[in-house]
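Notes for the one structure printed next.
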Amino acid sequence: MGAEQLKHGNRTDIFSKCDDYKLAEEYKAKGYYPYFHPLDENEGPVVSIEGRDMIMAGSNNYLGLTADSRVKEAAIRAVKKFGTSCSGSRYLTGTLSLHVELEEKLCDFFQKEAALIFSTGYLTGQGVISTLVQRNEYLIMDRDNHACLVVAAAVARSGLAKVERFRHNDMNHLEILLKNSGEESPKLIVSDGVFSVSGVICKLPEIVSLAKKYNARVLIDDAHAIGVIGKYGKGTASEFGLEKEVDMTIGTFSKSFASLGGFVVGEKRVIEYVKHNSPALIFSASPTASSIAAAIASLDIMKKEPELVTQLIKNAEFVRTNLKQLGFNLMDSRTAIVSVLIGDQEKTVIFWRKLFDAGIYVNAFIRPGVMPGQEMLRTSYMSTHKQEHLEKIVELFAKIGKELGVI
Ligand code: PMP
């Protein structure tokens, strides 16, 4: 028997592992399966799932703009003018005047020299970082960073970059890694601005001061921060008044921008380099005209109506304060995400199901999304939630939390 056969439990078919994957089937049979439920209507904050109206408390549509008639009309006009697909990558035939217009608006909004739009936020994180960090250069990142940054690290590592990961928000650990990487070596520190599962904000002031001390560059993934924190929802750098100290920000159009696509902003020479060297940009079709037009309309609204951001935070804060008072174990967030730690897989999916049956849709995070003991229900809010929606969410969390002995 060969060594490889022993390693894979005496199997030779690459698909055999799929027969062992029983978790989804088991939860489906019990009615606890929290994923892939199709929505028949998705305007929010009330959506229709399986023929029932439900309060959506798990969407990243933070400013509620997917339902805004100005955003919808902009998307429709763009389809009429440009058609349904770009049918090519940005590099070749897929750059529309709309992409350029949005890049200019993003530069203006974030006060950076240049911007570059990718097809998704995921591709932006993966593409920018793996293009920039090369052989013998250091990528130093938070262990809780989003999956697209983890994949970026794997790609960078395959190009012989050195990848180090510091314990979540642990600035002492970050400093040790920076020190160990050596004074002369080029380094990029990468962190989520707002961590996507917990809603916790990164320790940006400490990160930028360590970056200065050890001569490193800083890139922040602000997918969950833009439209949520900072002046006019400009994100984490703005929240701390550190716009100049953050070298690059990446973002997505799939959350506050009510669309699909991603972007990076930074120095012109760096953006030009990424533009001509990133396979994720060059070899993937560009985001559609309707997506870009919707993002432009959302950005214009964000600039004109900062009260949307204020209302969003107010809504999340109402639920957070009430759940805390009820005795739930919450993550330390002050963003649009209110995650409730349950700490047990079975209890998490049962809690999820009971909320689902009562008409509240939230996200269940169980393994492999989180470590055992860290299972949680992630709720997130929109500017357009009404007070009655928020009160209903709190009321049902209280009722089910008591039933299941969580509080
Ligand atoms: N970065 C972070 C921190 C995210 O949470 C997400 C989406 N969940 C992404 C990147 C990817 O964005 P997109 O969905 O636009 O691909």
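Which shape class, rounded, prolate or oblate, goes with the chain when its Cα gyration tensor gives a ≥ b ≥ c as root eigenvalues, a/c under 1.5 marks rounded, and past that a/b bigger than b/c marks prolate?
Because its axes are fairly even, with a/c under 1.5, the chain counts as rounded.
Can you show me the helix-derived [θ] at 222 nm for the chain, built from DSSP H runs with n ≥ 4 at -39,500 (n - 2.57) apiece and divided by the number of residues, rounded to the nearest 500.
The helix contribution divided over the chain gives -13000 deg cm²/dmol.
Where in the chain are the DSSP H helices whose alpha-carbon span along the long axis reaches 15 Å or more and whose Kyte-Doolittle mean is at least 1.6?
Once both thresholds are applied, what remains is 147-158.
What order do you get for His37, His99, His173 when you list them from fewest to most C-beta neighbours inside 10 Å?
Result, fewest neighbours first: His37, His173, His99.
Give the percent of DSSP beta bridges with both residues in segment 67-304 that are antiparallel, rounded to the nearest 5.
40 percent
Scan the chain and hand back the longest stretch that contains none of the chymotrypsin sites (Phe, Trp or Tyr not before Pro) lying in DSSP loops with at most 14 other Cβ atoms within 10 Å.
In the chain, the maximal stretch lacking such sites is 37-282.
Quick one: check the C-alpha center-to-center distance for segment 11-89 versus segment 313-366, whole angstrom.
Their Cα centres are 20 Å away from one another.
Determine, for Thr66, Thr95, the number of other Cβ atoms within 10 Å of each Cβ, and report the residues in order from fewest to most.
Going from sparsest to densest Cβ surroundings: Thr95, Thr66.
For the charge dipole of segment 67-304, defined by +1 on Lys and Arg C-beta atoms and -1 on Asp and Glu C-beta atoms about the Cα centroid, which residue among Asn215, Ser286, Ala225 has the Cα displaced farthest towards the positive pole?
My answer, from the dipole projection, is Ser286.
In segment 148-274, what % of DSSP beta bridges are antiparallel (nearest 5)?
The antiparallel fraction comes to roughly 40 percent.
If contacts are Cα pairs under 8 angstrom and at least 6 residues apart, what is the relative contact order of the chain in percent?
Numbers: 804 pairs, mean separation 87.3, N = 407.
The value is 21 percent.
Got a sec? Which residues in segment 332-359 would a label at Glu403 touch, if it sits 7 Å along Cα→Cβ and we count backbone N under 19 Å?
Residues 340-359 qualify, since their backbone N sits under 19 Å from the label point.
Suppose we keep just the DSSP beta bridges with both residues in the chain; what percent of those would be antiparallel, to 5?
60 percent
Compute the longest continuous run of the chain that contains no exposed GluC sites (Glu not before Pro); treat a site as exposed when its DSSP state is not H, G, I, E or B and it has at most 12 other Cβ atoms within 10 Å.
In short, 185-407.
Read-outs: derived from the displayed coordinates by stated rules, not from any lab. Just so it is clear, the model here is predicted, and its values are computed rather than measured. As a convention, Cβ positions derive from the backbone with ideal geometry for all residues, glycine included, and neighbour counts pool all protein chains shown.
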